[in-house]
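Each remark here refers to the structure printed beneath this line.
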Amino acid sequence: MALLREIRVGNFRSARSLTLSPGPVCAFIGEPGAGKSNVLFALRALLDPGYDLSTADVSDGQREISIEATLADGSTISLDDRRGAPPLVHLPAALRGSGLISGAETAAGEVIRAALQREQAPRVALVRGLEACAREMTGVVFAIEDPELFLAPQAHRYLRRLIRHLAEAGNQVFFTTHAPGLLSVAALDEVNLVTRDATGVTAVERLRAVDVDDAFRVMCEFDAERSELFVSRAAILVEGMTEKVVLPFVFHALGHDADREQISIVECGGKSNLPLFVEICRRARIPCIAMHDSDLREGEEPPDEHVRLNALIRRRAGARHTVVLEPDFEGIAGYHGRGHKPERAWRHVAHTDPAELPEPLVRAVTLALEFAHPRAPSYS
């Protein structure tokens, strides 16, 4: 059974003119109300012969709804001709507490319903049903709304692996999510950014993959804290744990809370990873600040590798989006010694008068707050 290579939607709810080019795994992220669920319902309207289009599905009463797709084998299906269409399993969030599945009967749907009969909790039934489908099914399109509902963070990571297993078995999985554990900064091409403009029209952009080595992929593959980037209004990218531990206290001293402002402080696993994280933020349309040590000390010949890396970070992020600690965190915080660095930094900054906080830290936080504001200028 050929799966979906391109989907074209016109005049359906908030999707007035959409073209999607999905891969085997297709995650939709975006603000509440952006239209993520409408994309899944457009899939159902196309693939479920029993779906009853209504006036509520029409965005412009003067035009007809148009939904069609090109399959992997080059053939085309539409609302008027579904011959060759793959079967669909639609799992809307509204049924997560009870029946799980809506729409036409399919073999995969029966597998999931059987799991529902065996399990007392529908949240467990969803996972068990998808496990069975990964073993038994191929050529099925899954459309899952917020699969993370009612599941623990550990289950989110397992569910991400399960979704990958479904895709590897020859299925295609579309899902909406607000859970970082279902996403990976090392797999940008699985992520689709959904936005809605001032006129209420939904747009979808599939992010472009970045080239990463195996070490980076392993570091980030199931790391929800780094993948939190995708659901952030802004991010401060830092080298290591010291800055990550200290910056929330700087926010607090300035009368703000980073979590309330939906600002992520992302530990990038070392300075050398900062240029790559800046590029990820750029592609995901997340405004960011790159904060790092200069590692250039007065009276010493600057090592070429530090000079080159500093220049690369500044070039990638932009001068305004770069905050440099001269020569390092200890230098700007005014204490010495590297033993127990995160703990010592926390104790030092947490008890510092707000008026005496290091200027670079204050600047990083102030910029992040500015960028997180809904009317902040776009990333450039």
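Being in contact with a helix residue (DSSP H, G or I) (Cβ under 6 Å, 6 or more places away or on another chain) and more than 20 Å from His156 (Cα to Cα) is the filter; apply it to the stretch 104-124 and report the residue that is surrounded by the fewest Cβ atoms within 10 Å (Cβ to Cβ).
Val111
Do we have Leu91 as touching a Pro at 6+ places or on another chain (Cβ under 9 Å), at pLDDT 85 or above and open to solvent by less than 10 Å² (accessible area, probe 1.4 Å) here?
Numbers: touching a Pro at 6+ places or on another chain (Cβ under 9 Å): yes; at pLDDT 85 or above: yes; open to solvent by less than 10 Å² (accessible area, probe 1.4 Å): yes.
Yes; evaluated as a whole, the condition is true for this residue.
Output the number of the condition that Arg217 fails; it satisfies all remaining conditions of (1) in contact with a helix residue (DSSP H, G or I) (Cβ under 6 Å, 6 or more places away or on another chain); (2) over 30 Å from Ala45 (Cα atoms).
It is condition (1) that Arg217 fails.
Please count how many residues of the stretch 88-112 are assigned to a loop (DSSP other than H, G, I, E, B) and of a type in the set (A, V, I, L, M).
Looking only at the stretch 88-112, we keep the residues that are assigned to a loop (DSSP other than H, G, I, E, B), and these are 92, 96-101, 103-106.
Narrowing further to those that are of a type in the set (A, V, I, L, M): 100-101, 104.
The total comes to 3.
Taking the stretch 162-179 as the search range and keeping residues that are open to solvent by 10 Å² or more (accessible area, probe 1.4 Å) and of a type in the set (Gly, Ala, Ser), which one is nearest to the chain's Cα centre (by Cα)?
In this case the residue turns out to be Ala167.
Return the residues of the stretch 125-161 that are open to solvent by less than 10 Å² (accessible area, probe 1.4 Å), not in a strand (DSSP E or B) and not charged (D, E, K, R); say none if nothing qualifies.
Here is the first cut: in the stretch 125-161, the ones open to solvent by less than 10 Å² (accessible area, probe 1.4 Å) are 125-126, 129-130, 132-133, 139-144, 147, 159-160.
Subsequent filtering for residues that are not in a strand (DSSP E or B) retains 125-126, 129-130, 132-133, 139-140, 147, 159-160.
Selection gives Ala125, Leu126, Gly129, Leu130, Ala132, Cys133, Gly139, Val140, Pro147, Leu159.
Identify all residues within the stretch 190-214 that are touching a residue at least 60 places away in the same chain (Cβ under 8 Å) and not in a strand (DSSP E or B); write none if there are none.
Scanning the stretch 190-214 gives Glu190, Gly200, Val201, Leu207, Arg208, Val210, Val212.
Are any residues in the stretch 249-258 touching a residue at least 24 places away in the same chain (Cβ under 8 Å) and either open to solvent by 20 Å² or more (accessible area, probe 1.4 Å) or not in a loop (DSSP other than H, G, I, E, B) (or both), and if so, which ones? Write out each step before concluding.
Going through the stretch 249-258, the residues touching a residue at least 24 places away in the same chain (Cβ under 8 Å) turn out to be 249-251, 253-254, 256, 258.
Matches in the stretch 249-258: Phe249, Val250, Phe251, Ala253, Leu254, His256.
Where the second residue is among the hydrophobic types (A, V, I, L, M, F, W, C) and open to solvent by 80 Å² or more (accessible area, probe 1.4 Å) and the first is farther than 18 Å from Val231 by Cβ and lies in the stretch 146-168, which pairs have Cβ atoms under 8 Å and are six or more apart or on separate chains?
Matching pairs, first to second residue: Arg161/Phe222.
I'd like the full set of residues that are more than 23 Å from Glu105 (Cα to Cα) and modelled with pLDDT under 95, limited to the stretch 35-56.
Our first condition is that a residue be more than 23 Å from Glu105 (Cα to Cα); within the stretch 35-56, this holds for 35-36, 55-56.
Those that are more than 23 Å from Glu105 (Cα to Cα) and modelled with pLDDT under 95: Thr55, Ala56.
Filter the strands (runs of 3 or more DSSP E) completely within the stretch 17-87 down to those with at least 3 residues that are surrounded by 12 or more Cβ atoms within 10 Å (Cβ to Cβ), in contact with a Cys (Cβ under 8 Å, 6 or more places away or on another chain) and acidic (Asp, Glu).
Numbers: elements: 25-29, 66-71, 76-78.
Of the strands (runs of 3 or more DSSP E) lying wholly inside the stretch 17-87, none has at least 3 residues that are surrounded by 12 or more Cβ atoms within 10 Å (Cβ to Cβ), in contact with a Cys (Cβ under 8 Å, 6 or more places away or on another chain) and acidic (Asp, Glu).
The values are calculated or read from the model by the stated rules, or taken from the named source; none is laboratory data. On a predicted model such as this, the values are computed, not experimentally measured, just so you know. Note that we place each Cβ from the backbone using ideal geometry, even for glycine, and neighbour counts take in every protein chain shown. Accessible surface areas use protein heavy atoms only, side chains included; no ligands, DNA or RNA. Shrake-Rupley method; radii C 1.70, N 1.55, O 1.52, S 1.80 Å.
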